[in-house]
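Data block below; observations after.
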Amino acid sequence: MPTSSTEVVTKIVPEPGPLSPRKSLQEIVVPEGLKVELVASEPLVMDPVAFDWGWDGRLWVVEMGDYPNGMRWNGPGDPKGDFGGRVKILTDTDGDGVYDKASVFLDKLPFPTAIKVWGDGILIATGSELLYVEDANGDQVADVQKPLYSGFTEGNQQHRINGLRWGLDNWLYLANGGSGGSVQPADQDAPPVDIGGFDLRIRPSTSELQTQSGLSQSGRFRNDWGDWFGCRSGNPLWHYILDERYLSRNP
């Protein structure tokens, strides 16, 4: 029978699970004339944070499976779990435009954040160093590894150097991440460069390093005219209008 009181019915709605790769693709909306294609998904690649294409079409992917506390973290009181960052090589073996093979090139990296195919190998930003890594014997596994630059402050895993994008000036640009550091080439007795408050650019072949206007947290990118853009938490886009070389010569 009806009552004078209001009956409140609570219905528990289960949280939706993760969408399948195919369903996720269907949910992406792009402007007319553009199309999104699925070329790789789990389990071929897991926890990707950065990638770069090689000259042969292979896709090099950095995975940060150890974020934020390592691979086997036992909770508060455990200082650090095992490092679990990896670099994978994805290959399209049948030429259909979809990657179908993955091999682990390098593993047990401490929270890698950036990758760039360069020279006969790759550059990887990881921890306090920018590394050069190479496969010297052709077995698809890294066997040469050396630091090119060191001194980056590790800080929070979300605030480390990242980016690695070529400029029109043939320098390689990096986002600071927000942790800064006193950086110097690993193979030279050069004074360290304080990158606090700046982004930076490097020439790996000559070990040069220069600060740049900015302080991007995640990614630093340019347009076809050489204008640079970055972002920080709470600010989705910054345009770095004045280059540091102009500002520093006019204090």
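Testing Arg160 on (1) within 15 Å of Leu131 (Cα to Cα); (2) in a strand (DSSP E or B); (3) open to solvent by less than 70 Å² (accessible area, probe 1.4 Å), one condition comes back false. Which one is that? In the conditions (1) within 15 Å of Leu131 (Cα to Cα); (2) in a strand (DSSP E or B); (3) open to solvent by less than 70 Å² (accessible area, probe 1.4 Å), Arg160 misses (2) alone.
Remark: pairs (first residue in region 118-140, open to solvent by 50 Å² or more (accessible area, probe 1.4 Å); second residue outside any strand (DSSP E or B); Cβ separation under 7 Å; 6+ apart in sequence or on different chains) = Trp118/Pro204; Ala136/Asp143; Asn137/Asp143. Would you call Ser20 free of Cβ contacts under 8 Å to residues at least 12 places away in the same chain and among the polar types (S, T, N, Q)? Yes, satisfied.
A quick yes/no check of all residues on (1) among the aliphatic types (A, V, I, L, M); (2) assigned to a loop (DSSP other than H, G, I, E, B); (3) surrounded by 13 or more Cβ atoms within 10 Å (Cβ to Cβ):
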{"site": "Lys146", "(1), (2), (3)": "no, no, no"}
{"site": "Ser179", "(1), (2), (3)": "no, yes, yes"}
{"site": "Asp189", "(1), (2), (3)": "no, yes, no"}
{"site": "Leu242", "(1), (2), (3)": "yes, yes, no"}
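Please find, within region 82-119, the residue that is nearest to the chain's Cα centre (by Cα) out of those that are assigned to a strand (DSSP E or B) and among the β-branched types (Val, Ile, Thr). Among residues in region 82-119 that are assigned to a strand (DSSP E or B) and among the β-branched types (Val, Ile, Thr), the one nearest to the chain's Cα centre (by Cα) is Thr113. Please determine whether any residue of region 75-93 is touching a residue at least 60 places away in the same chain (Cβ under 8 Å) and surrounded by 11 or more Cβ atoms within 10 Å (Cβ to Cβ). Looking for residues that are touching a residue at least 60 places away in the same chain (Cβ under 8 Å) and surrounded by 11 or more Cβ atoms within 10 Å (Cβ to Cβ), one finds none in region 75-93, hence no. Of the residues Lys146, Lys101, the single one that is among the basic types (Lys, Arg) and over 20 Å from Met46 (Cβ atoms) is Lys146. Just one of (1) among the small types (Gly, Ala, Ser); (2) open to solvent by less than 20 Å² (accessible area, probe 1.4 Å); (3) farther than 28 Å from Met64 by Cα fails for Gly167. It is (3).
Per-residue answers, yes or no, for (1) within 17 Å of Asp227 (Cα to Cα); (2) among the aromatic types (Phe, Trp, Tyr):
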residue	(1), (2)
Trp166	yes, yes
Asn170	yes, no
Asn176	no, no
Gly180	no, no
Ala186	no, no
Pro192	no, no
Pro204	no, no
Ser207	no, no
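Residue count for region 25-74 satisfying the condition of being under 16 Å from the mean Cα position of the chain (by Cα) and open to solvent by 90 Å² or more (accessible area, probe 1.4 Å): 3. So in region 192-240, with the set limited to residues that are assigned to a loop (DSSP other than H, G, I, E, B) and of a type in the set (Asp, Glu), which one is most open to solvent (accessible area, probe 1.4 Å)? So, considering only residues that are assigned to a loop (DSSP other than H, G, I, E, B) and of a type in the set (Asp, Glu), the one most open to solvent (accessible area, probe 1.4 Å) is Asp224. Among the residues of region 41-67, those that are without any contact (Cβ under 8 Å) to a residue 60 or more places away in the chain, assigned to a loop (DSSP other than H, G, I, E, B) and of a type outside the set (Ser, Thr, Tyr) comprise Glu42, Pro43, Leu44, Val45, Met46, Asp47, Asp56, Gly57, Arg58, Gly65, Asp66.
The values are calculated or read from the model by the stated rules, or taken from the named source; none is laboratory data. Values in this document were obtained by computation on a predicted structure and should not be read as measured data. Here the Cβ is made from the backbone with ideal geometry for all residues, glycine too, and neighbour counts use every protein chain on show. Note: accessible area is taken over every heavy atom of the protein model, side chains too, but ligands, DNA and RNA are not part of it. Shrake-Rupley method; radii C 1.70, N 1.55, O 1.52, S 1.80 Å.
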